[in-house]
Amino acid sequence: AQSVAQPEDQVNVAEGNPLTVKCTYSVSGNPYLFWYVQYPNRGLQFLLKYITGDNLVKGSYGFEAEFNKSQTSFHLKKPSALVSDSALYFCAVRARNSGNTPLVFGKGTRLSVIA
Amino acid sequence: DGGITQSPKYLFRKEGQNVTLSCEQNLNHDAMYWYRQDPGQGLRLIYYSQIVNDFQKGDIAEGYSVSREKKESFPLTVTSAQKNPTAFYLCATADPGNSPLHFGNGTRLTVT
(Lines give C-alpha, C1' and ligand atoms only; values in the text may rest on other atoms or scores of the structure.)
Protein backbone atom coordinates (compact mmCIF):
# COMPACT_ATOMS: atom_id res chain seq x y z
CA ALA A 1 0.00 0.00 0.00
CA GLN A 2 1.08 3.54 -0.69
CA SER A 3 0.82 6.32 1.86
CA VAL A 4 1.98 9.85 2.53
CA ALA A 5 2.38 11.62 5.86
CA GLN A 6 2.55 15.35 6.31
CA PRO A 7 3.22 15.58 10.04
CA GLU A 8 2.41 19.28 10.43
CA ASP A 9 -1.10 20.60 9.92
CA GLN A 10 0.19 24.18 10.08
CA VAL A 11 3.55 25.84 9.51
CA ASN A 12 4.12 29.49 10.39
CA VAL A 13 7.13 31.41 9.14
CA ALA A 14 8.17 35.04 8.98
CA GLU A 15 8.52 36.68 5.58
CA GLY A 16 12.09 36.43 4.34
CA ASN A 17 12.91 33.39 6.46
CA PRO A 18 13.48 29.94 4.97
CA LEU A 19 10.55 27.55 5.02
CA THR A 20 10.26 23.77 5.12
CA VAL A 21 7.12 21.69 4.70
CA LYS A 22 7.69 18.06 5.63
CA CYS A 23 6.60 14.93 3.78
CA THR A 24 7.38 11.26 4.32
CA TYR A 25 6.09 8.44 2.16
CA SER A 26 5.69 4.68 2.03
CA VAL A 27 5.66 2.69 -1.23
CA SER A 28 6.86 -0.65 -2.51
CA GLY A 29 9.90 0.03 -4.63
CA ASN A 30 10.93 3.42 -5.97
CA PRO A 31 8.57 6.38 -5.86
CA TYR A 32 7.33 9.17 -8.04
CA LEU A 33 6.87 12.14 -5.71
CA PHE A 34 4.97 15.38 -6.27
CA TRP A 35 4.21 18.65 -4.50
CA TYR A 36 1.10 20.71 -5.18
CA VAL A 37 -0.17 24.03 -3.83
CA GLN A 38 -3.79 25.06 -3.35
CA TYR A 39 -5.13 28.59 -2.92
CA PRO A 40 -8.61 29.16 -1.42
CA ASN A 41 -11.50 27.79 -3.48
CA ARG A 42 -9.19 26.73 -6.29
CA GLY A 43 -7.84 23.46 -7.63
CA LEU A 44 -4.36 22.19 -6.91
CA GLN A 45 -1.41 23.55 -8.88
CA PHE A 46 1.64 21.43 -9.63
CA LEU A 47 4.89 22.71 -8.08
CA LEU A 48 7.51 20.05 -8.73
CA LYS A 49 8.16 16.34 -9.02
CA TYR A 50 10.87 13.79 -8.39
CA ILE A 51 11.14 10.99 -10.92
CA THR A 52 14.78 9.90 -10.89
CA GLY A 53 18.27 11.37 -10.89
CA ASP A 54 19.33 14.40 -8.87
CA ASN A 55 17.89 14.28 -5.36
CA LEU A 56 17.37 18.06 -5.31
CA VAL A 57 14.46 19.06 -7.48
CA LYS A 58 13.71 22.67 -8.39
CA GLY A 59 10.21 23.79 -9.22
CA SER A 60 7.91 26.75 -9.67
CA TYR A 61 7.98 30.01 -7.66
CA GLY A 62 11.44 29.32 -6.18
CA PHE A 63 10.43 26.11 -4.40
CA GLU A 64 12.65 23.06 -4.25
CA ALA A 65 12.44 19.64 -2.63
CA GLU A 66 15.01 17.09 -1.58
CA PHE A 67 14.44 13.39 -2.07
CA ASN A 68 16.00 11.31 0.71
CA LYS A 69 15.61 7.61 0.05
CA SER A 70 17.01 6.41 3.37
CA GLN A 71 14.61 8.60 5.32
CA THR A 72 11.77 8.14 2.80
CA SER A 73 11.25 11.90 2.80
CA PHE A 74 10.57 14.60 0.25
CA HIS A 75 10.52 17.89 2.15
CA LEU A 76 9.53 21.09 0.35
CA LYS A 77 11.79 24.09 0.89
CA LYS A 78 12.19 27.70 -0.10
CA PRO A 79 15.13 29.91 0.94
CA SER A 80 13.10 33.08 1.51
CA ALA A 81 9.34 32.96 2.16
CA LEU A 82 6.86 35.45 0.71
CA VAL A 83 3.47 36.39 2.12
CA SER A 84 2.02 35.21 -1.20
CA ASP A 85 3.33 31.69 -0.46
CA SER A 86 0.60 31.34 2.18
CA ALA A 87 -1.53 28.42 0.98
CA LEU A 88 -2.28 24.73 1.48
CA TYR A 89 0.48 22.36 0.33
CA PHE A 90 0.03 18.71 -0.61
CA CYS A 91 2.60 15.98 -1.07
CA ALA A 92 1.68 12.97 -3.26
CA VAL A 93 3.26 9.64 -4.18
CA ARG A 94 2.91 6.77 -6.57
CA ALA A 95 5.12 3.69 -6.84
CA ARG A 96 7.19 3.74 -10.02
CA ASN A 97 6.20 0.19 -10.92
CA SER A 98 2.48 0.65 -10.29
CA GLY A 99 1.45 1.54 -13.82
CA ASN A 100 -1.16 4.27 -13.90
CA THR A 101 -2.56 3.81 -10.41
CA PRO A 102 -3.75 7.10 -8.94
CA LEU A 103 -1.60 9.35 -6.81
CA VAL A 104 -1.99 9.11 -3.05
CA PHE A 105 -2.09 12.49 -1.32
CA GLY A 106 -1.14 13.59 2.15
CA LYS A 107 -3.64 15.50 4.27
CA GLY A 108 -2.02 18.82 3.50
CA THR A 109 -0.04 21.42 5.42
CA ARG A 110 -1.26 24.97 5.73
CA LEU A 111 1.60 27.44 5.36
CA SER A 112 1.19 30.88 6.82
CA VAL A 113 3.83 33.49 6.02
CA ILE A 114 3.66 36.49 8.31
CA ALA A 115 4.84 39.91 7.22
CA ASP B 1 -6.68 25.49 -14.96
CA GLY B 2 -7.97 26.62 -18.36
CA GLY B 3 -7.80 23.10 -19.77
CA ILE B 4 -10.24 21.58 -17.28
CA THR B 5 -13.67 23.06 -16.69
CA GLN B 6 -15.74 22.11 -13.68
CA SER B 7 -19.25 23.41 -13.46
CA PRO B 8 -20.99 24.80 -11.62
CA LYS B 9 -18.61 26.41 -9.11
CA TYR B 10 -21.23 26.31 -6.36
CA LEU B 11 -24.13 23.86 -6.14
CA PHE B 12 -26.93 23.65 -3.60
CA ARG B 13 -29.28 20.69 -3.29
CA LYS B 14 -31.85 19.32 -0.93
CA GLU B 15 -31.18 16.06 0.84
CA GLY B 16 -32.48 13.08 -1.10
CA GLN B 17 -31.85 14.57 -4.54
CA ASN B 18 -29.27 13.24 -6.96
CA VAL B 19 -26.91 15.82 -8.44
CA THR B 20 -24.41 15.65 -11.31
CA LEU B 21 -21.12 17.53 -11.36
CA SER B 22 -19.58 18.28 -14.71
CA CYS B 23 -15.92 17.91 -15.69
CA GLU B 24 -14.76 18.68 -19.23
CA GLN B 25 -11.17 18.74 -20.49
CA ASN B 26 -9.48 19.85 -23.70
CA LEU B 27 -6.00 18.59 -22.79
CA ASN B 28 -6.46 15.29 -24.66
CA HIS B 29 -5.51 13.38 -21.52
CA ASP B 30 -6.49 9.74 -21.27
CA ALA B 31 -6.91 9.55 -17.49
CA MET B 32 -9.47 11.45 -15.45
CA TYR B 33 -10.06 11.45 -11.70
CA TRP B 34 -12.57 12.65 -9.13
CA TYR B 35 -11.40 13.61 -5.65
CA ARG B 36 -13.33 14.80 -2.64
CA GLN B 37 -11.76 17.35 -0.29
CA ASP B 38 -12.90 17.87 3.29
CA PRO B 39 -11.16 20.11 5.83
CA GLY B 40 -8.28 18.30 7.52
CA GLN B 41 -8.71 15.14 5.44
CA GLY B 42 -6.80 15.98 2.31
CA LEU B 43 -7.91 14.56 -1.02
CA ARG B 44 -9.74 11.25 -1.20
CA LEU B 45 -10.20 9.41 -4.48
CA ILE B 46 -13.79 8.69 -5.53
CA TYR B 47 -13.50 7.26 -9.05
CA TYR B 48 -11.01 7.28 -11.88
CA SER B 49 -10.95 6.40 -15.54
CA GLN B 50 -7.88 5.57 -17.57
CA ILE B 51 -9.66 5.16 -20.89
CA VAL B 52 -13.02 5.84 -22.49
CA ASN B 53 -15.81 3.45 -21.45
CA ASP B 54 -13.85 2.18 -18.47
CA PHE B 55 -13.60 3.39 -14.88
CA GLN B 56 -12.59 2.08 -11.46
CA LYS B 57 -13.73 2.75 -7.91
CA GLY B 58 -11.47 4.73 -5.65
CA ASP B 59 -11.31 4.70 -1.89
CA ILE B 60 -14.71 6.28 -1.22
CA ALA B 61 -16.93 5.30 -4.18
CA GLU B 62 -20.05 4.44 -2.18
CA GLY B 63 -22.91 6.78 -2.99
CA TYR B 64 -21.31 8.06 -6.19
CA SER B 65 -21.48 7.06 -9.86
CA VAL B 66 -19.61 8.10 -13.00
CA SER B 67 -19.58 7.59 -16.75
CA ARG B 68 -16.87 8.00 -19.38
CA GLU B 69 -18.60 8.00 -22.75
CA LYS B 70 -16.25 10.58 -24.26
CA LYS B 71 -12.57 11.26 -23.71
CA GLU B 72 -13.32 14.88 -22.87
CA SER B 73 -15.98 14.31 -20.23
CA PHE B 74 -16.17 12.53 -16.87
CA PRO B 75 -19.35 13.54 -14.99
CA LEU B 76 -19.83 12.58 -11.35
CA THR B 77 -23.28 11.90 -9.91
CA VAL B 78 -23.72 12.25 -6.17
CA THR B 79 -26.66 10.06 -5.28
CA SER B 80 -29.02 10.19 -2.34
CA ALA B 81 -27.16 7.17 -0.94
CA GLN B 82 -24.13 9.32 -0.14
CA LYS B 83 -24.45 9.96 3.59
CA ASN B 84 -22.48 13.17 3.82
CA PRO B 85 -22.25 14.76 0.37
CA THR B 86 -21.39 18.32 1.37
CA ALA B 87 -17.77 18.83 0.25
CA PHE B 88 -15.44 20.37 -2.31
CA TYR B 89 -15.13 18.13 -5.39
CA LEU B 90 -12.07 18.24 -7.62
CA CYS B 91 -11.66 16.77 -11.08
CA ALA B 92 -8.18 16.05 -12.45
CA THR B 93 -6.61 14.68 -15.61
CA ALA B 94 -3.23 13.21 -16.55
CA ASP B 95 -1.24 11.57 -19.25
CA PRO B 96 0.07 8.08 -18.46
CA GLY B 97 3.31 7.52 -16.58
CA ASN B 98 4.94 10.11 -14.36
CA SER B 99 3.06 13.16 -15.62
CA PRO B 100 1.58 15.41 -12.95
CA LEU B 101 -2.14 15.73 -12.44
CA HIS B 102 -3.90 18.81 -13.79
CA PHE B 103 -6.80 19.99 -11.65
CA GLY B 104 -9.96 21.92 -12.33
CA ASN B 105 -11.07 24.68 -9.97
CA GLY B 106 -13.57 22.51 -8.18
CA THR B 107 -17.27 22.44 -7.38
CA ARG B 108 -18.43 23.20 -3.87
CA LEU B 109 -21.54 21.13 -3.17
CA THR B 110 -23.80 21.95 -0.24
CA VAL B 111 -26.64 19.61 0.62
CA THR B 112 -29.19 20.67 3.23
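The values are calculated or read from the model by the stated rules, or taken from the named source; none is laboratory data. Keep in mind it's a predicted model, so treat the numbers as computed, not measured. Positions of Cβ are generated from backbone atoms using ideal geometry, with glycine treated the same way; all protein chains shown enter the neighbour counts. Only protein heavy atoms, including side chains, enter the accessible area calculation; ligands, DNA and RNA are left aside. Shrake-Rupley method; radii C 1.70, N 1.55, O 1.52, S 1.80 Å.
Quick notes on this one:
- Taking a straight line from the alpha carbon of A:K58, these lysines sit under 22 Å away, with near neighbours fewer than eight places off in the same chain left out: A:K22, A:K49, A:K69, A:K77, A:K78.
- R0 of 45 Å, Cβ-Cβ distance A:A115-B:I51: FRET efficiency to nearest 0.05: 0.40
- Averaged per residue, the protein assembly as shown has 47 square angstrom of accessible surface, using a 1.4 angstrom probe with ligands and nucleic acids left out.
- The charge dipole of region A:69-115, taken about its Cα centre with unit charges on the Cβ of Lys, Arg, Asp and Glu (plus for the first two, minus for the last two), comes to roughly 160 debye.
- Ratio Rg/Rh, restricted to region A:1-52 and using Cα atoms, in which Rh is the Kirkwood radius: 1.00
- For A:S28, the solvent-accessible surface computed with a 1.4 Å probe is close to 80 Å², ligands and nucleic acids excluded.
- Under the combined filter of DSSP loop state and at most 14 neighbouring Cβ atoms within 10 Å, region A:80-112 retains none of its chymotrypsin sites (Phe, Trp or Tyr not before Pro).
- Note on region A:7-115: with charges restricted to the Cβ of Lys and Arg (+1) and Asp and Glu (-1), its dipole about the Cα centre is near 300 debye.
- Positive-pole candidate from A:N12, A:Y25, A:F63, dipole of region A:1-72, charges at beta carbon: A:Y25
- Kirkwood hydrodynamic radius (C-alpha pairs) into Stokes-Einstein, chain A, 37 °C and 0.692 mPa s, D in µm²/s: 231 µm²/s
- Under 20 Å from B:K70, Cα to Cα: lysines that are on another chain or at least 8 residues apart: B:K57
- Were the residues from A:N12 through A:N68 laid out at 0.36 nm apart, the gain over their Cα-Cα distance would be 17.8 nm.
- Alpha-carbon centroids, region A:6-60 and region B:1-54: separation in whole Å: 23 Å
- With a simple spin-label model that places each label point 7 Å from the Cα along the Cα-to-Cβ direction, the separation between A:N30 and B:R13 comes to 4.4 nm.
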